[in-house]
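Structure record follows, encoded as structure tokens.
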Amino acid sequence: MKILSATQIRELDAYTIANEPIASIDLMERAAASFVHWFLEKFDDRDIPVVIFCGPGNNGGDGLAVARMLLYEFYKVQVFCCEISKNQSADYLENLSKIPDYSNLSVLHFLEGDEVPPLPPQAILIDALLGTGISRPIEGFWADFIQTLNQFSGVKVSIDLPSGLIADTSTSGTSFCADYTFCFETPKLAFLLPENAAKVGEWSYSSIGLDPDFIAQTITPYHYLTIADVQPFVKHRTKFAHKGQFGHAMLIVGSQGMMGAALLSGRAVLRSGAGLLTIHAPACGYVILQTGLPEAMVSSDRHHFNFSELPDLEKYAAIGVGCGLGQKDFTVRGMDELLNNIGSKPLVLDADALNIIATQNWQSRIPAGSILTPHPKEFSRLFGDAPDDFARLDLLQKSAQQYKIYIIRKGAYTAIALPDGQVWFNSTGNPGMATGGSGDVLTGILTSLLAQGYPAEHACKLGVFLHGLAGDLAAESLGHEALLASDIADQLGSAFQDLKKRAEA
């Protein structure tokens with residue numbers, strides 16, 4: 001799914017209006033109906049009062065249409081029409097004229113300088129003040145006004161975009177802080193970056209039927225990774241398939257006290273479908289691996305506690321390196337040997353493999369086409385830092401392009417940067433996956449998919465999506481707090497089945 005800029009969304013609206021054709025007021029009606037459908041499912045208690053603050057533009061017009069529709073659903077609604085600007089949009093004025101004169105709906109005009117009246121503490125406050133049209137910080141009275149609304153103790157909801165939040169660049173000024181945001185057609189880029197989490201809250205979106213041909217022709221580097229994006233390239237096995245057809249993966253992982261990382265990544269390789277797996281690990285891990293993962297073969301390093309030498313890589317279809325590896329001097333020498341001899345074999349680099357590359361300044365030695373899986377701190381060690389999340393996103397894109405590699409920056413909405421400048425944000429996953437070993441499982445999944453012959457781009461998208469989906473399935477039964485990395489690996493089978501079932505539906 002494409003993530004469009006605020007400008008592109010406005011162009012999409014205009015194109016839909018001209019070519020569906022549909023009047024702009026009717027498109028606004030469609031958007032408001034979409035919001036109300038979501039609202040009814042989320043807040044079905046009609047005894048809770050609803051207070052809506054509407055600005056003078058089209059976002060305020062959405063709010064007025066929502067007020068009318070909630071009234072017809074028997075909610076008690078109070079509307080404040082806030083004169084942030086003297087310029088009122090035509091659709092705002094038309095929706096204002098449609099507000100019925102009922103006793104359980106009150107409309108008050110709020111002027112600059114007025115004090116915010118006391119609000120029922122149990123109310124739901126809906127923000128429809130400002131939309132995507134703003135491009136500079138909110139200042140003065142209205143900034144103070146929004147800050148006052150932020151102090152409201154009840155539930156706060158924003159229509160399309162929290163007021164004051166800028167959709168496509170970092171927001172330095174005041175912004176409404178919503179508990180829930182419901183937006184139209186596609187998510188906003190701002191929703192996917194950590195700096196805006198407290199402003200956006202829990203967000204949802206729904207299509208309002210904007211023109212699909214325009215969306216298909218619109219160019220954007222940003223995408224939201226959904227099941228529809230990964231289903232087409234999931235491979236299916238034939239009746240007479242055998243293990244030799246699904247690749248022999250190699251993991252170079254583990255060190256004394258960190259053999260759990262080897263077990264987790266190895267289990268994930270096998271649960272993701274690789275035909276064969278060999279784990280190269282220090283000698284101290286031999287019994288642990290043979291006992292804990294009997295399906296894998298073990299290649300023992302001559303060093304007892306750490307990786308120090310490169311095994312023969314000839315027979316392996318893909319290599320995953322770094323989980324629990326450590327950064328001893330001889331491990332650095334082993335990494336040097338790996339980078340000298342990997343050739344064109346598909347390669348996944350994680351954890352200490354990335355830390356060694358960063359400390360040795362070996363970024364230019366990373367083979368083109370490799371997959372890197374840094375968490376935010378590992379990313380900054382490798383490629384530097386930036387003043388805000390939008391600048392970090394730009395740095396992520398440019399680093400993938402500069403080194404012709406795939407970078408998976410882990411976290412909420414894990415971002416996959418491709419060598420062509422495209423970035424895909426993952427839609428699966430949950431906070432319970434913020435636990436030790438979760439990244440090791442991802443490394444195993446990616447190495448397995450590469451060994452099976454998936455191109456690197458497909459392996460990144462499918463691997464990240466499956467990793468998050470397996471985490472979501474685990475969280476359904478365990479919750480977030482009790483979720484372990486091994487639970488993610490154990491749910492990979494169910495995640496694959498879920499993908500296939502939805503494809504057949």
*Over the chain, what is the percentage of antiparallel beta bridges among all DSSP beta bridges, to the nearest 5?*
10 percent
*In whole Å, what is the distance between the alpha-carbon centres of segment 437-451 and segment 220-253?*
12 Å
*Can you tell me what the convex hull of the Cα atoms of the chain projects to on average, as an area in nm²?*
25.5 nm²
*With charges only on Cβ, +1 for K and R and -1 for D and E, what is the dipole size of segment 239-504 about its Cα centre, in debye, rounded to 20?*
480 debye
*For segment 239-504, what class follows from the C-alpha gyration tensor (a ≥ b ≥ c being the square roots of its eigenvalues): rounded when a/c is under 1.5, otherwise prolate if a/b is larger than b/c, else oblate?*
rounded
*asked:* Using 0.36 nm times the number of residues separating GLN290 and ARG30, minus their current alpha carbon distance, what extension gain do you get?
replied: 87.6 nm
*Measure off 7 Å from each Cα along the Cα-to-Cβ vector at ARG502 and ALA14, then give the distance between these two points in nanometres to one decimal.*
3.5 nm
*Along segment 109-126, what does the Karplus equation 6.51 cos²θ - 1.76 cosθ + 1.60 (θ = phi - 60°) give for ³J(HN,Hα), rounded to whole Hz, x for Gly and Pro?*
9, 10, 9, 4, x, 5, 8, 5, x, x, 10, x, x, 8, 6, 9, 9, 10
*Positive-pole candidate from ILE25, PHE39, PRO120, dipole of segment 6-219, charges at beta carbon*: PRO120
*Any idea what the dipole of the chain comes to, in debye rounded to 20, about its Cα centre with Lys/Arg Cβ at +1 and Asp/Glu Cβ at -1?*
1880 debye
*Rounding to the nearest 20 debye, state how big the charge dipole of segment 234-385 is about its Cα centre with +1 on each Lys and Arg Cβ and -1 on each Asp and Glu Cβ.*
620 debye
_Please compute the contact order of the chain in relative form: average sequence separation of alpha-carbon pairs under 8 Å and at least six residues apart, divided by the residue count, as a percent._
12 percent
*Note down the nm distance, to one decimal, between modelled labels 7 Å out along Cα→Cβ at GLN256 and at GLU139.*
6.2 nm
*Could you check the simple spin-label distance between ALA198 and ASP420, using points 7 Å along Cα→Cβ, in nm with one decimal?*
3.9 nm
*Excluding LYS156 itself, calculate the net charge of residues whose Cβ lies under 9 Å from the Cβ of LYS156, where each Lys or Arg counts +1 and each Asp or Glu counts -1.*
-2
_FRET efficiency, GLN245 to LYS398 (Cβ-Cβ, R0 30 Å, nearest 0.05)_ = 0.20
*Would you tally the net charge around LEU289, using a Cβ to Cβ cut-off of less than 13 Å, leaving LEU289 out, and scoring K and R as +1, D and E as -1?*
-1
*asked:* Counting other beta carbons within 10 Å of each residue's own, what order do CYS54, CYS81 fall into, fewest first?
replied: CYS81, CYS54
*Using a Förster distance of 30 Å, how high is the FRET efficiency between ALA391 and GLU115, based on the Cβ-Cβ distance and rounded to 0.05?*
0.20
*Taking the Cβ of SER299 as the centre, find all other residues whose Cβ is under 12 Å away and add up their charges (Lys, Arg: +1; Asp, Glu: -1).*
-1
*For the chain, with the dipole built from +1 on Lys and Arg beta-carbon atoms and -1 on Asp and Glu ones, taken about the Cα centre, which of CYS183, THR443, PRO311 lies farthest toward the positive end?*
PRO311
*Please give the calculated 222 nm ellipticity per residue for the chain, where each DSSP H segment of at least 4 residues contributes -39500 (n - 2.57) and the sum is spread over every residue; nearest 500 deg cm²/dmol?*
-12500 deg cm²/dmol
*Length gain on complete extension for the stretch HIS480 to ASP47, per 0.36 nm per residue less the alpha carbon to alpha carbon distance?*
152.7 nm
*Work out the charge dipole of the chain with +1 on the Cβ of Lys and Arg and -1 on the Cβ of Asp and Glu about the Cα centre, then indicate which of GLY324, ILE407, PHE214 is farthest towards its positive end.*
GLY324
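Read-outs: derived from the displayed coordinates by stated rules, not from any lab. Remember, predicted model here, so these are calculated numbers, not experimental data. Virtual Cβ from ideal backbone geometry, glycine too; neighbours counted across all protein chains shown.
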